[in-house]
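Here the structure comes first, spelled out in structure tokens, and everything after it is commentary.
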Amino acid sequence: MAQLIDGKAISAQVRNEVKQAVAERIAAGHRPPYLAVVLVGDDPASASYVRGKAKASAEVGIQSDTLTYDASISEQELLDIVQRLNDDEGVDGILVQLPLPDHIDDRKVIHAIDPAKDVDCFHPESVGNLVIGLDGFQPATPAGIVEMLQRTEIQTSGAQCVIIGRSNIVGKPLANLMLKKGLDSTVTVCHSRTKDLPAIARQADILVAAIGRANFVTADMVKPGAVVIDVGINRVDDDSRERGYRLVGDVDFEAVEPIASAITPVPGGVGPMTIAVLLQNTLRAATGA
Ligand code: NDP
């Protein structure tokens, strides 16, 4: 039986550490860290993510405000708002919830954020720092995965790490983190054009699935004893649930769990780690460390 990597418990540990550090800063006479969250439009999923971030911030003593704007806001108006937040010394971190309405260029807005306040780690300067291995803000989901591996004492040095998925928010930044000195994995990134993906996946000591397809990773793709990290969040119909669906990952958990040495569940695995890293980044923005 595989060890279950408990993302909820590890996330609680990280959040407690942030809470303690915030309390120490306040005791030393500093103001609490402040996170400005920008939400445009009324997408229910975005609103729910933003509520989660505000609640988690409050729990660790980080102040935050959600600045909500109608979907009709112009790109220039939004850029002006970002500039005001950049100029405001009382604002440590800026997070613009994506996606933005079609008439606004996400990239323009993200590029307008002061890199010193870029707690989502999406600005090209933050991404560049990550690629060349400099300290700086951490990409939330990938850094959450690394926290899980390290706190579960999983050996990354010299490990074959195969990542399925090459998105800018998960696959690519995770590949860069795992390659960093100190983590020292040998990294392979797979995607929809990869030939004989199962054979490559079977070489993994650490297999990460970030695809967005339920049950994509089957038992024949996993080397016995591998560590399996499931990033996917997929809805599958389930009439036995009141809401008519349940959430599953990208890994066929029932089939893979008996083969793996350790595995993350969905929900309760990678998901809770993402917010924990956002809080770490906001604290980092406030301390300038
Ligand atoms: P994207 O859709 O941006 O990327 C998916 C990747 O999977 C792409 O690189 C794509 O390849 C690859 N892919 C798709 N189909 C195949 C296939 N048949 N074979 C091989 N590769 C394939 O997704 P994200 O990275 O944003 O998210 C991935 C999953 O993780 C989603 O379920 C998402 O909900 C979840 N997620 C969870 C988070 C958390 O906190 N737990 C945070 C972020 C995401 P190609 O590039 O060639 O198209």
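Selection of helices (runs of 4 or more DSSP H) fully inside the stretch 197-289 by the criterion of at least 1 residues being within 30 Å of Val37 (Cβ to Cβ) returns 271-287. In this structure, Arg202 does not satisfy being open to solvent by 40 Å² or more (accessible area, probe 1.4 Å) and near the ligand (Cβ under 9 Å from one of its atoms).
Is at least one residue of the stretch 89-98 open to solvent by 70 Å² or more (accessible area, probe 1.4 Å), closer than 30 Å to Gln20 by Cβ and not in a loop (DSSP other than H, G, I, E, B)? Within the stretch 89-98, none of the residues are open to solvent by 70 Å² or more (accessible area, probe 1.4 Å), closer than 30 Å to Gln20 by Cβ and not in a loop (DSSP other than H, G, I, E, B).
Looking at Gly171, is it modelled with pLDDT under 95 and either more than 11 Å from the ligand (Cβ to nearest atom) or touching a Gly at 6+ places or on another chain (Cβ under 8 Å) (or both)?
Answer is no for this residue.
Asp120 meets the conditions (1) part of a helix (DSSP H, G or I); (2) surrounded by 19 or more Cβ atoms within 10 Å (Cβ to Cβ); (3) within 16 Å of the ligand (Cβ to nearest atom) in every case but one. The failed one is (1).
Of the set (1) closer than 25 Å to Leu4 by Cβ; (2) out of contact with any helix residue (DSSP H, G or I) (no Cβ under 6 Å at 6 or more places or on another chain), all apply to Val187 but (2). When the residues of the stretch 246-260 are filtered to those that are of a type outside the set (A, V, I, L, M), touching a strand residue (DSSP E or B) at 6+ places or on another chain (Cβ under 6 Å) and touching a residue at least 60 places away in the same chain (Cβ under 8 Å), the one that is surrounded by the fewest Cβ atoms within 10 Å (Cβ to Cβ) is Glu257. Looking at the structure I just gave you, is Leu78 crowded, with 19+ Cβ neighbours inside 10 Å and either out of contact with any Gly (no Cβ under 9 Å at 6 or more places or on another chain) or at pLDDT below 95 (or both)? Yes, satisfied. Scanning the stretch 190-205 turns up no residue that is of a type in the set (Gly, Ala, Ser) and modelled with pLDDT under 95.
State all residues of the stretch 223-244 that are open to solvent by less than 50 Å² (accessible area, probe 1.4 Å) and more than 28 Å from Gly158 (Cα to Cα); if no residue qualifies, say none. Give the derivation first.
Keep residues of the stretch 223-244 that are open to solvent by less than 50 Å² (accessible area, probe 1.4 Å), which gives 225-232, 234, 236, 238, 244.
Result: Asn234, Val236, Asp238, Gly244.
Can you find, within the stretch 261-273, the residue that is nearest to the chain's Cα centre (by Cα) among those that are open to solvent by less than 40 Å² (accessible area, probe 1.4 Å) and either modelled with pLDDT under 95 or more than 17 Å from Ile163 (Cβ to Cβ) (or both)? Residue satisfying both the conditions and the ranking: Pro272. If we scan the stretch 62-73, do we find a residue that is in a loop (DSSP other than H, G, I, E, B), on the phi < 0 side of the Ramachandran plot, of a type in the set (Asp, Glu) and surrounded by 14 or more Cβ atoms within 10 Å (Cβ to Cβ)? Checking the stretch 62-73: not a single residue is in a loop (DSSP other than H, G, I, E, B), on the phi < 0 side of the Ramachandran plot, of a type in the set (Asp, Glu) and surrounded by 14 or more Cβ atoms within 10 Å (Cβ to Cβ). Kindly indicate the residue of the stretch 99-117 that is in a loop (DSSP other than H, G, I, E, B) and among the β-branched types (Val, Ile, Thr) and also nearest to the chain's Cα centre (by Cα) among those meeting that condition. So the residue we want is Ile113.
Could you say whether any residue in the stretch 175-190 is open to solvent by 60 Å² or more (accessible area, probe 1.4 Å), within 15 Å of the ligand (Cβ to nearest atom) and over 19 Å from Met148 (Cβ atoms)? The answer is no, given that none of the residues of the stretch 175-190 is open to solvent by 60 Å² or more (accessible area, probe 1.4 Å), within 15 Å of the ligand (Cβ to nearest atom) and over 19 Å from Met148 (Cβ atoms).
The values are calculated or read from the model by the stated rules, or taken from the named source; none is laboratory data. Bear in mind that the values here come from a model prediction, so they are computed numbers and not experimental data. Here the Cβ is made from the backbone with ideal geometry for all residues, glycine too, and neighbour counts use every protein chain on show. With ligands, DNA and RNA removed, areas are computed over all heavy atoms of the protein, side chains included. Shrake-Rupley method; radii C 1.70, N 1.55, O 1.52, S 1.80 Å.
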